[in-house]
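The block underneath contains the structure these notes are about, expressed in structure tokens.
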Amino acid sequence: MTRFLIGRLGQSLLLLWIVSVVGFAILHLAPGGPMSQFAESGNMTQADMDRMAEQLGLNRPLPVQYAQWLTNIVAGDWGVSYRDQQPVLRIIFSHLGATFELMLTSTVIAIFIGVWVGVLGAVWRYSLFDSVATIFAMVALSIPTFWFGLVVIWYFSIELGWLPAGSRMTPGDGSFANRFHHLIGPALVLALVSTAIWSRYMRSSMLDVINQDYIRTARSKGISEWRILTRHALRNALLPMITILGLQLPNLLSGALVTETVFSWPGMGRLFLDSINYRDYPTVMGILMFTAILVLIGNLIADILYGLADPRIGGRAR
Amino acid sequence: MTVSKSIESMQFASIGRRALLGASVGVCALIGANMLFAQTPPETPTGQVVVGLSQEPTAFNPLMAGIEVDETIWMQIYSPLWYSGPDGTLLPELAAEIPITENGGISQDGLTWTVRLRDDVTWHDGTPFTAEDVKFSLELINNPDFRAGNRMGHELIEEITVTNPHEITWTMREPYAPYLALLAATYMVPRHIIEAADDPHTALATAPVGTGPFTWGARASGDSITLNANEDFFGDGPYLERAIFRYIPEQTALYAQFRSGQLDATIGSGIPANYFAEAQDLPGLVVEAVANPSLEIVMPNLEHPALQDVAVRRALFSAIDSEAIIEAIYYDLHRPNVSFAPRESWAYNDALAPHVFDIDEANRLLDEAGWEMGAANVREKDGVRLAFDISTTTGNALREQAQQLMIETWRAIGAQVSINNMPAAVIWGDFYRLSQFDTLLVGTAFRTGMDPDPSNRFLSTAIPAQGGAGANYMQWQNTEADALLQEGIVTFDMDRRREIYHRLQEIARDELPIIPIYQYQLVEGRKEGLEGYVPNINARHNSWNMREWYWAQD
């Protein structure tokens, strides 16, 4: 296990380095720059903008800028945001809570509903339930989140007045009830798509399992259908879901760009978009590296969990 | 040089017919409502107001670079020496009076300025505010190690002397009339805090301390900023206990939150034009169009082989159906304006020839100038085809429709125009600043702070693509305009300045270095019962007088 972990760590560091080089290059080679937004208003002169670019070190050759950035981040200095004048890590952490709250809620909803819809769809294959679930999943996957979010706001917030039209809480009121009330809309919109995804994965995984010989054997032994389902089929069908969950883990903290924008949710996705629009290089690089680390950790956890849950894989990992 | 009329030069907008008819309709309605209900502000700060913004304020050091929405917060936390009211009059804030020649504030030659300061002002942490703070702020702006947002005017300061704790004097290298207006948007920062900090750039980044009507409360990054009433504020108000600025990135969502009552006011970028009519009928909400100094223009690159011909620009101008753009695309919200100055400016020339949409006239102009119809119905002259790109920022549906409409009518005069839109960060990068565009559809202002001086945009020495240091991205060069601009900067006499800028507007109307389409109005809204809101075209944001806002008592 230790050798496995050390090997994975080495791989991960190499991957992180590649991500940083590619990310840095794309970000800096993209046209525009941090001064663009000041040019728009016409209130700053070219002299002012040139001076600021010089002071921020934006005029130095790209490899020099990258080397500087790399040296800093290896030493634990993630840089200071151009936009906020605050340390990048502090900005990232200040957005994590909102994203985690939203993503965890929607993922829990999605897994709970998705898994059961998938299981029942597989068990009652080609039934009316299965057909409806399949159509529903296809529709949910095809609906643009942006549009659906606005529809939810229009119907539930404006027409019915049941839900707030966005934001995380009412100013001055941070109570659980108030936060929960604000959470419903964006969490449901996000959960819609992932429920569909989870139900499709679960359905095909379950279909694989229930056609296996050991299920037939269990049935021939006279075990009740419910017991076969929960004790034999579900346990095995859930195994591949561990990988999917591992791949989903980074999402819990990296946020949803579109939903967070439509619902004014102050999370990571929103921060990423704002930082890119501003060309806030230190923050964008920070989020990029942070997300890359999450992806690697998520994969690692999935591999370890898989090893624990399935002895066959575990043996190889060791 | 005479500075006798300098008091008048503080009038940035004409007070009178135009102002009353235009921008101040809201003011009148407000005064009327106040008289009817005889509302008075509460004795102690009461209640809170939640204001929706479509951009997030993130820069809290007012001497560093910031955008409009950052200034929204600066206005509440910090104070300038003076500021400009809706009618253009300068109102003293930290200064005890506005410096003019008559009171000895500005010397006859315009080179020595003396400002007397209030003696009853304290910073939010209790430290007294003195002339040393003003000296420190002005020197910080000019400090080569400091990333100052804007040094225009400030860089002309030669020497600053604190004559006593409440009086400061400085000399300038050359007279500069727009400096009064620039100082109206220059906020003073606390010397004792920045000097004690390791880095002046981050000193005010998380817990700004100022002298303004509101003190810093808290910031939820990406969500909102809460400010509290400064009970020791030296001026009138504040009457609200709390002011919350909420960031809602998506304009439709912003409008939805306003409609559903989550926001008390939405100002600044406000409500999209397509909701204007609907929003006006909403019960319990007051929604109105307010004047804005920005102009929507087509900015031609005058180094483009076809666009450098003035006949081409005149023909293109003639062939823009501005009326249809305003009516059909912008729901009649905006107002025509053929000048580079806003209609409310005291320097606005209302005698300019109005725009007439006339395809035949445009065709005649091109025929006369020797542009002959060539292959595929595109005109040509000396091997140059009348073909170019028009660019703007992606994601603005209404602007994209306006582009389509222009391309249609331009096709009728033999111009082949393609759309080349890009994200904001790309457009406003080198593409804009090094004049790499053919034409840009852009909303911008041509003045210096609140002053009508457009030299930063029009001087031939202000072309970045040719090594200049201004914002003349059209690359316009005109000798008479240069002379007028230079005279305007050093002239304090308002009547003479008005003549100068009137003539300049005539030249621009004739030569069309910018092709004007309309002057902006913004749709702003608030809940009924929120008193004190007054739009101010001379402020960068209509939260400028938030200290005077209060809720009507039932």
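Total residues in segment A:1-57 satisfying the condition of being within 7 Å of chain B (Cβ to nearest Cβ) and within 25 Å of the chain's Cα centre (by Cα): the figure is 0. As a summary of the residue check, A:Val119 satisfies the conditions (1) in contact with a helix residue (DSSP H, G or I) (Cβ under 7 Å, 6 or more places away or on another chain); (2) in a loop (DSSP other than H, G, I, E, B) except for the one numbered (2).
A count restricted to segment B:472-495 and to residues that are outside any loop (DSSP other than H, G, I, E, B) and either under 18 Å from B:Leu156 (Cα atoms) or touching a residue at least 60 places away in the same chain (Cβ under 8 Å) (or both) stands at 8.
If you go through segment A:156-172 one residue at a time, do you hit one that is away from every other protein chain (no Cβ under 12 Å), without any contact (Cβ under 8 Å) to a residue 60 or more places away in the chain and either among the charged types (D, E, K, R) or in a loop (DSSP other than H, G, I, E, B) (or both)? No; the residues of segment A:156-172 include none that is away from every other protein chain (no Cβ under 12 Å), without any contact (Cβ under 8 Å) to a residue 60 or more places away in the chain and either among the charged types (D, E, K, R) or in a loop (DSSP other than H, G, I, E, B) (or both).
In segment B:233-291, what residues are surrounded by 21 or more Cβ atoms within 10 Å (Cβ to Cβ), of a type in the set (S, T, N, Q) and either more than 23 Å from the chain's Cα centre (by Cα) or part of a loop (DSSP other than H, G, I, E, B) (or both)? Within segment B:233-291, B:Gln257, B:Gln262 meet the criteria.
For segment A:237-318, which fully contained helices (runs of 4 or more DSSP H) count at least 1 residues that are touching a helix residue (DSSP H, G or I) at 6+ places or on another chain (Cβ under 8 Å) and within 14 Å of chain B (Cβ to nearest Cβ)?
Details: elements: A:257-262, A:268-278, A:281-309, A:311-317.
Result: A:257-262, A:268-278, A:281-309.
For segment B:64-75, enumerate the residues that are more than 9 Å from chain A (Cβ to nearest Cβ) and surrounded by fewer than 24 Cβ atoms within 10 Å (Cβ to Cβ). B:Val69, B:Asp70, B:Glu71, listed by residue number. Can we say B:Leu295 is in contact (Cβ under 8 Å) with a residue 40 or more places away in the chain, in a loop (DSSP other than H, G, I, E, B) and not small (Gly, Ala, Ser)? So B:Leu295 does not fit the description; no. Of the listed requirements (1) facing chain A (nearest Cβ under 10 Å); (2) under 18 Å from A:Ser36 (Cα atoms), B:Gly449 misses just one: (2).
Among the residues of segment B:418-446, the one identified as in a loop (DSSP other than H, G, I, E, B), within 11 Å of chain A (Cβ to nearest Cβ) and aromatic (Phe, Trp, Tyr) is B:Phe446. Scanning segment A:122-142 for residues that are buried (at least 16 other Cβ atoms within 10 Å of the Cβ) and either part of a loop (DSSP other than H, G, I, E, B) or within 10 Å of chain B (Cβ to nearest Cβ) (or both) yields nothing. Of the numbered criteria (1) outside any helix (DSSP H, G or I); (2) touching a helix residue (DSSP H, G or I) at 6+ places or on another chain (Cβ under 6 Å); (3) among the aliphatic types (A, V, I, L, M); (4) in contact (Cβ under 8 Å) with a residue 40 or more places away in the chain, the one B:Leu504 fails is (1). Per this entry, A:Val209 is counted among residues that are closer than 17 Å to A:Val115 by Cβ, touching a helix residue (DSSP H, G or I) at 6+ places or on another chain (Cβ under 7 Å) and either surrounded by 14 or more Cβ atoms within 10 Å (Cβ to Cβ) or free of Cβ contacts under 8 Å to residues at least 12 places away in the same chain (or both). Per the conditions (1) crowded, with 20+ Cβ neighbours inside 10 Å; (2) part of a loop (DSSP other than H, G, I, E, B); (3) facing another protein chain (nearest Cβ under 7 Å), the sole criterion not satisfied by B:Ala469 is (1).
Taking (1) of a type outside the set (A, V, I, L, M); (2) more than 7 Å from every other protein chain (Cβ to nearest Cβ); (3) touching a helix residue (DSSP H, G or I) at 6+ places or on another chain (Cβ under 9 Å) in turn, A:Pro61 satisfies each apart from (3).
Among the residues of this structure, B:Met172 counts as one that is buried (at least 19 other Cβ atoms within 10 Å of the Cβ) and more than 23 Å from B:Met75 (Cβ to Cβ).
Tell me whether segment B:399-415 contains one or more residues that are free of Cβ contacts under 8 Å to residues at least 40 places away in the same chain, under 30 Å from the mean Cα position of the chain (by Cα) and within 14 Å of chain A (Cβ to nearest Cβ). The answer is no; no qualifying residue exists. Count of segment B:381-398 residues, restricted to those that are over 39 Å from the mean Cα position of the chain (by Cα) and without any contact (Cβ under 8 Å) to a residue 40 or more places away in the chain, is 2.
Tally the residues that are hydroxyl-bearing (Ser, Thr, Tyr) and either more than 16 Å from B:Met299 (Cα to Cα) or not assigned by TED's automatic domain parsing to the domain that holds B:Ile297 (or both), restricting the search to segment B:403-447.
1
Name the residue, out of A:Glu54, A:Glu40, that is of a type in the set (Asp, Glu) and surrounded by fewer than 17 Cβ atoms within 10 Å (Cβ to Cβ). Among A:Glu54, A:Glu40, only A:Glu54 is of a type in the set (Asp, Glu) and surrounded by fewer than 17 Cβ atoms within 10 Å (Cβ to Cβ). When you check B:Val534 against the structure, is it under 30 Å from B:Asp332 (Cα atoms) and either modelled with pLDDT of 95 or more or among the hydrophobic types (A, V, I, L, M, F, W, C) (or both), yes or no? Yes, satisfied.
Do we find that B:Val286 is more than 14 Å from chain A (Cβ to nearest Cβ), under 30 Å from B:Thr44 (Cα atoms) and not acidic (Asp, Glu) in this structure?
Answer is yes for this residue.
Out of (1) among the hydroxyl-bearing types (Ser, Thr, Tyr); (2) under 18 Å from A:Pro266 (Cα atoms); (3) in the same structural domain as A:Phe38 (by TED's automatic domain parsing), the odd one out for A:Thr71 is which? In the conditions (1) among the hydroxyl-bearing types (Ser, Thr, Tyr); (2) under 18 Å from A:Pro266 (Cα atoms); (3) in the same structural domain as A:Phe38 (by TED's automatic domain parsing), A:Thr71 misses (2) alone. Just one of the listed residues (B:Asp453, B:Asp367, B:Asp389) is within 30 Å of A:Asp48 (Cβ to Cβ) and not in a strand (DSSP E or B), namely B:Asp453. Just checking, does segment B:268-283 include any residue being assigned by TED's automatic domain parsing to the domain that holds B:Ile390, under 26 Å from B:Thr393 (Cα atoms) and of a type outside the set (Gly, Ala, Ser)? No, that holds for no residue. If you go through segment B:220-240 and pick out every residue that is more than 11 Å from B:Val50 (Cα to Cα) and at the interface with chain A (Cβ under 10 Å from one of its Cβ atoms), you end up with 4. The set of residues from segment B:184-204 being more than 24 Å from the chain's Cα centre (by Cα) and either without any contact (Cβ under 8 Å) to a residue 12 or more places away in the chain or within 14 Å of chain A (Cβ to nearest Cβ) (or both) comprises B:Ile194, B:Ala196, B:Ala197, B:Asp198, B:Asp199, B:Pro200, B:His201, B:Thr202, B:Ala203, B:Leu204.
The values are calculated or read from the model by the stated rules, or taken from the named source; none is laboratory data. Everything numeric here is computed off the predicted structure, so don't read it as measured data. Here the Cβ is made from the backbone with ideal geometry for all residues, glycine too, and neighbour counts use every protein chain on show.
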